[in-house]
């Protein structure tokens, strides 16, 4: 068993390493990664909306850029491996274009099969005035073959009715639920990383560790390689290291390279604060949060004017 405390974060890929943060373009990193060597590729690529870490491109050019990366990931992916591409919407003159619909043909052309279109739902974000506020993003899960790794047991969630029993048939009277919990389904309610989230850094589009943990645990085994071509703050490698996998990723901005290294090293030391994977979503009503009391109750009309 490899001890987490023995891990040191490297800056170049090597088959015997456990954590690699490459400073530069992921295509350059992928040249050093052999065919069929990655078990899981999981990432949230730039959405082409003009963030500081991306150059806004014509949509067709953006798709070609993504295709180049996806094709190289496919080459390096094990026959039993998966690619999870987490995306939102591209916005063009106030019109949204779902990137999963735009990128699906890229994966299909490679012969990959979509196993799930996972909806990641969260409750906080920008408030829209001319359309409903967006509160979800999509994880496209593709496999390279029909013989792929998938283990549901490590990511099962509590049964809603654990005492439910079969009421007829040969199993009448027996408990109907799996004692390990139920399938979490393809809609995942996980808080996004906003200002009061324990994992928040200076990155504008950071995703939570627990989101990636669920993918790592269900689609890989210990000592497998997990790859993130757009590493950001290092969340994918944090999840990989936490669960005994090997993690490798590329990031082009030096500030985020340093941040990723710091977070991974903090995880290795056992000091990184994250939201636990099994913690229920915060319920302000049950918590007795005073903000749940409406300020409009009993107020006269002059008090109800909003700025």
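The values are calculated or read from the model by the stated rules, or taken from the named source; none is laboratory data. Please read these numbers as outputs of a predicted model, since none were measured by experiment. Neighbour counts run over all protein chains shown; Cβ positions are idealised from the backbone, glycine included.
Observations
- Scanning region 76-83 turns up one or more residues that are in a helix (DSSP H, G or I) and in contact with a helix residue (DSSP H, G or I) (Cβ under 8 Å, 6 or more places away or on another chain).
- Residues of region 70-100 satisfying the condition of being loosely packed, with under 15 Cβ neighbours inside 10 Å and in contact with a strand residue (DSSP E or B) (Cβ under 9 Å, 6 or more places away or on another chain): 91, 96, 97, 98
- Scanning region 1-33 for residues that are touching a residue at least 40 places away in the same chain (Cβ under 8 Å), outside any loop (DSSP other than H, G, I, E, B) and within 17 Å of residue 268 (Cβ to Cβ) returns 4, 5, 19, 20, 21.
- Scanning region 111-137 for residues that are surrounded by fewer than 18 Cβ atoms within 10 Å (Cβ to Cβ) and at pLDDT 95 or above returns 111, 113, 114, 115, 116, 117, 119.
- Subset of region 228-283 (residues that are closer than 19 Å to residue 14 by Cα and out of contact with any helix residue (DSSP H, G or I) (no Cβ under 9 Å at 6 or more places or on another chain)): 257, 261, 265
- Selection status of residue 55, modelled with pLDDT under 95, within 18 Å of residue 251 (Cα to Cα) and more than 20 Å from the chain's Cα centre (by Cα): yes
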